């Protein structure tokens, strides 16, 4: 049947295309300001070299968003096993929680992580558009952690 297509069409035209206009505005805003988005290197509340399986640790990162709204981005703690050249082989990201705005467009995020496996791990953090569709439409719009923030 054509019912799903009709429902999609109805949601698109509702309120004079309000949802579409909102999505376009968000995309334009992010695109125009993304070059100023920066993320600091994650800081932990303990020495991870002395962490054992089952231990928990807290991670915080500072993110410079300038005029991009925290609601429009996803900040992730990224970790995975390291190869012999100290590159993360198969890492995974875990979304961090927004804490507060610090000052001047800098925001604080945190996450409690649990050490689940043995081995040598590396970690970083990244910020990207929250909307997964925007991520696929905006290749290259992922900012990785830097020690310069």
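Over the chain, calculate the relative contact order: mean separation of alpha carbon pairs under 8 Å at least 6 apart, over the residue count, as a percent.
27 percent
Between 88, 53, 37, where does the largest GNM mean-square fluctuation fall for the chain, given springs only between Cα atoms within less than 10 Å?
So, out of 88, 53, 37, the one fluctuating most is 53.
Based only on other Cβ atoms within 10 Å, what is the fewest-to-most ordering of 78, 52, 17?
Fewest-to-most ranking of 78, 52, 17: 52, 17, 78.
Tell me, 135, 46 in order of fewest to most beta-carbon neighbours within 10 Å?
Fewest to most other Cβ atoms nearby, the residues stand as 46, 135.
Stretch residue 133-residue 46 to full length: gain in nm at 0.36 nm per residue minus the Cα-Cα span?
27.7 nm
Could you state the number of Å between the C-alpha centres of the range 73-149 and the range 7-58?
Between the Cα centre of the range 7-58 and that of the range 73-149, the gap is 11 Å.
Along the three principal axes, how long is the chain when you take its alpha carbons, biggest first, rounded to the nearest angstrom?
Here the spans come out as 58, 44, 27 Å, largest first.
Could you line up 2, 98 from fewest to most neighbouring Cβ atoms inside 10 Å?
Fewest-to-most ranking of 2, 98: 2, 98.
Could you give the semi-axes, largest first, of the ellipsoid that matches the range 12-57, computed as the square roots of 5 times the alpha carbon gyration tensor eigenvalues and rounded to whole Å?
43, 17, 6
Of 94, 27, 132, which has the largest mean-square fluctuation in a 10 Å C-alpha GNM of the chain?
Taking springs between Cα atoms under 10 Å, the residue moving most is 132.
Kindly identify the range 90-149 as rounded, prolate or oblate by the Cα gyration tensor criterion: order the square roots of the eigenvalues as a ≥ b ≥ c, call it rounded if a/c is under 1.5, otherwise compare a/b with b/c, prolate if a/b is larger, else oblate.
Taking the square roots of the gyration eigenvalues as a ≥ b ≥ c, the range 90-149 is oblate.
Only helical DSSP H runs with n ≥ 4 go in: add -39500 (n - 2.57) per run for the chain, normalise by residue count and round the 222 nm mean residue ellipticity to 500 deg cm²/dmol.
-8500 deg cm²/dmol
Would you work out the relative contact order for the range 64-128, in percent, from Cα pairs under 8 angstrom that are 6 or more residues apart?
The normalised contact order for the range 64-128 reaches 42 percent.
Considering only 95, 66, 116, give the residue with the highest GNM mean-square fluctuation for the chain, with springs between Cα atoms whenever their separation is below 10 Å.
Greatest mean-square fluctuation among the candidates belongs to 116.
Can you give me the angle between helix 3-33 and the longest principal axis of the chain, using Cα atoms only, in degrees from 0 to 90, rounded to the nearest 10?
It is inclined by approximately 50 degrees.
Every number here is computed from the coordinates shown, using simple stated rules; none is lab data. Since we're looking at a predicted model, the values are computed, not measured. Heads up, the Cβs are rebuilt from the backbone with ideal geometry, glycines too, and the neighbour counts pull from every protein chain shown.
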